[in-house]
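Below: one structure, written as structure tokens.
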Amino acid sequence: MRSEEYVDTPVVVRAPATSANLGPGFDSLGLALDWHDEVEATAAGSGLAVDVTGEGSEDVTRDETHLVVRSMRATFDVMDAKQPDGLRLRCRNRIPHARGLGSSAAAIVSGIVAARALVVDGPDRLDDRAALRLATEIEGHPDNVAACLLGGLTVAWSGAHGGHAVRLSPNVRMVAMVPPEPVSTEVARGLLSPTVSHAAAAHNVGRAALLVAALTTAGSPGVLLAATQDRLHQSYRAPAMTESYALVQQLRAEGFAAVISGAGPTVLTLLPPEGDPAPVVAHNPADWRCRELEVDLLGAQVGE
């Protein structure tokens, strides 16, 4: 029997893909993209049923270890809500997995937002700041989950009380080129240098500040190109994604603000609002997926 603590109808959460880093903003900058996963969750009388279709459906678990389920369980605990006697989940995955587009962040945020919506007074028990702290704890860093939860462009950081973020409204269009082969975040992070020079750090601080300005003031192609220069992570990760890194270098040589999306291997090119994506799309390798994207300004939403 369903507890009266829970609503008696399914909730549907739509969570956007995200791109983090954007070149110089390592582990801090994130953009929400209009490319979405959907999760339908129902508090049931008993048991756990998880149905998954779409991206990654052949690989993900259907039990308590599923990332949406784990995130929902953690959210119920944080809200001091009694765990429901049963859960029914339907996950419609559209965001490619292990491609640097925030699929794990979308799963985590979907679980948190779905659990909050299932509890009758959930929004009063867990506001967005608390939700971000929980999502950061589960994910390990705040950049993707902040953009997924809040939408737009986010500047995120971790402090004494967990993850925090400032949300901004960017003026940018994008082209995402998604290679067929994945690269795990763990592999990509394992290639990073444990130390960086003062000059490299100073370079990225300046470029990250410039990028925030460029994205929020309709920066010109030339400014976007300069603002997306990076010395901290992309070159170190190149051995794990040689084709992606070569494509970034080729696009940048032609004046396009191309970067590795998140931990890769997706290549994301930033364009001004009036920019023509066709010359960028023309570079897409034959066996890669290519998608023109706008910014998702809303973040994870509960709908019908």
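Values quoted throughout were computed directly from the atomic coordinates according to the rules given, and no laboratory measurement underlies them. Predicted model only: the values in this text are computed from it and were never measured. Because the Cβ atoms are built from the backbone with ideal geometry, glycine has one as well, and the counts that use them run over all protein chains shown.
Name the long-range amide H neighbours of Gly152: under 5 Å, sequence gap of 5 or more, or other chain; modelled H, no Pro or chain starts.
Counting only residues 5 or more places away or on other chains, the set is Ala32, Asp296, Leu297, Leu298, Gly299.
Any idea what angle helix 103-118 forms with the longest principal axis of the chain, computed on alpha-carbon atoms, 0 to 90 degrees, nearest 10?
With rounding to tens, the tilt is 30 degrees.
Between exposed trypsin sites (Lys or Arg not before Pro) in the chain, where DSSP calls loop and at most 16 other Cβ atoms lie within 10 Å, what's the longest gap?
95-304
Fully extended, how many nm does the chain gain between Gln301 and Ala282 (0.36 nm per residue separation, minus their Cα-Cα distance)?
3.5 nm
Given contacts defined as C-alpha pairs under 8 Å and at least six residues apart, what's the relative contact order of the chain, whole-number percent?
On the way: 719 pairs, mean separation 76.1, N = 304.
It rounds to 25 percent for the chain.
Could you work out the percent of alpha carbon pairs in segment 197-255 separated by over 18 Å, rounded to a whole number?
It works out to 43 percent of all Cα pairs.
Ordered by residue, what ³J(HN,Hα) values in Hz, to whole numbers, does segment 11-27 give under the Karplus form 6.51 cos²θ - 1.76 cosθ + 1.60, where θ = phi - 60° and Gly and Pro are x?
Listing the rounded values in order: 10, 10, 10, 10, 10, x, 5, 9, 10, 9, 6, 6, x, x, x, 4, 6 Hz.
Taking amide H atoms as placed 1.01 Å from N in the peptide plane, list the residues 5 or more away in sequence, or in a different chain, whose amide H sits under 5 Å from that of Trp35.
Ala17
Through the Karplus equation 6.51 cos²θ - 1.76 cosθ + 1.60, θ set to phi - 60°, convert the phi angles of segment 123-135 into ³J(HN,Hα) values in whole Hz; use x for Gly and Pro.
x, 6, 7, 9, 7, 5, 5, 5, 4, 5, 4, 5, 4
Please arrange Glu5, Glu294 by how many other C-beta atoms lie within 10 Å of their C-beta, fewest to most. Walk me through the intermediate numbers first.
Working: Glu5 16, Glu294 13.
Fewest-to-most Cβ neighbours within 10 Å comes out as Glu294, Glu5.
Would you mind calculating the relative contact order of segment 1-57 from Cα pairs under 8 angstrom and at least 6 residues apart, reporting the percent as a whole number?
On the way: 66 pairs, mean separation 22.0, N = 57.
Once divided by the residue count of segment 1-57, the mean separation gives 39 percent.
Which whole-Hz ³J(HN,Hα) couplings does segment 156-166 yield from phi under the Karplus relation 6.51 cos²θ - 1.76 cosθ + 1.60, θ = phi - 60°, glycine and proline marked x?
For segment 156-166, the Karplus-derived couplings read 10, 8, 10, x, 4, 10, x, x, 9, 7, 10 Hz, x marking Gly and Pro.
I'm checking a number: the convex hull volume of the Cα atoms of segment 158-270, normalised per residue, in Å³. What is it? Working shown, then result.
Details: hull volume 14.5 nm³, N = 113.
Looking at segment 158-270, the number lands at 129 Å³ per residue.
Most mobile of Ala202, Ala17, Ala81 per a Gaussian network model of the chain (Cα springs, under 10 Å)?
It is Ala202.
Top mean-square fluctuation among Ser28, Ser261, Ser46, Gaussian network model of the chain, C-alpha springs under 10 Å?
Comparing Ser28, Ser261, Ser46 in the GNM, the peak value goes to Ser46.
Taking only C-alpha pairs under 8 Å that are 6+ residues apart, what is the relative contact order of segment 152-205 in percent?
Across segment 152-205, relative contact order equals 22 percent.
Checking a compactness column here: for the chain, what do you get for Rg(Cα) / (2.2 N^0.38 Å), N being the number of residues?
1.00
Compute the convex hull volume of the Cα atoms of segment 1-102, divide it by the residue count, and report the result per residue in Å³ as a whole number.
Convex hull volume per residue, Cα atoms: 111 Å³.
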